[in-house]
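See below for the structure under consideration.
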Amino acid sequence: MKNSLAQIQIAPSGGFKGLGTGNLANPGNGVDAFVTFISGTIAVLTVVAIIWFIFVFITGAIGIISSGGDKQALETAKKKITTAIIGLVVVLLAIVVINIIGTVLGIPNILNISQLLCKPLGTCS
């Protein structure tokens with residue numbers, strides 16, 4: 001009875017296959033899809049932060065130009081520019097701090113997710 005349970009084939013021959021033609025079609029052990037997702041997310045969020053900085057900075061500059069001597073409008077525009085600069089500095093400092101933490105821990109390319117996960121596991125191509 002014990003031997004018959006071990007011989008039951010649960011997966012189809014050739015293993016399970018995902019949908020589509022991308023990483024989800026044949027994710028292997030899932031590391032490739034995870035690495036692609038995390039790296040893409042970090043890149044997209046960084047680009048979004050830079051675009052948001054540019055947008056807020058320009059609207060603040062337009063606010064200063066169009067304030068026309070109104071002290072309240074001028075202060076609001078200055079606060080927008082200050083907030084935009086602080087946000088950009090926070091994003092850039094986060095990247096620097098993560099790199100410093102990686103260097104201290106002995107992981108020189110900590111933001112390179114594919115090297116971080118794939119090389120030690122030996123799973124990514």
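According to a simple spin-label model (label point 7 Å from Cα along Cα-to-Cβ), what is the distance in nm between Lys78 and Val97?
2.8 nm
Which distance in nm do the two modelled labels at Asp70 and Asn109 give, with both placed 7 Å along the Cα-to-Cβ direction?
It works out to 5.3 nm between the two label points.
Values quoted throughout were computed directly from the atomic coordinates according to the rules given, and no laboratory measurement underlies them. Just so it is clear, the structure is predicted and the values come from calculations on it, not from any experiment. With ideal geometry, Cβ positions are generated from the backbone for all residues, glycine too; neighbour counts draw on all protein chains shown.
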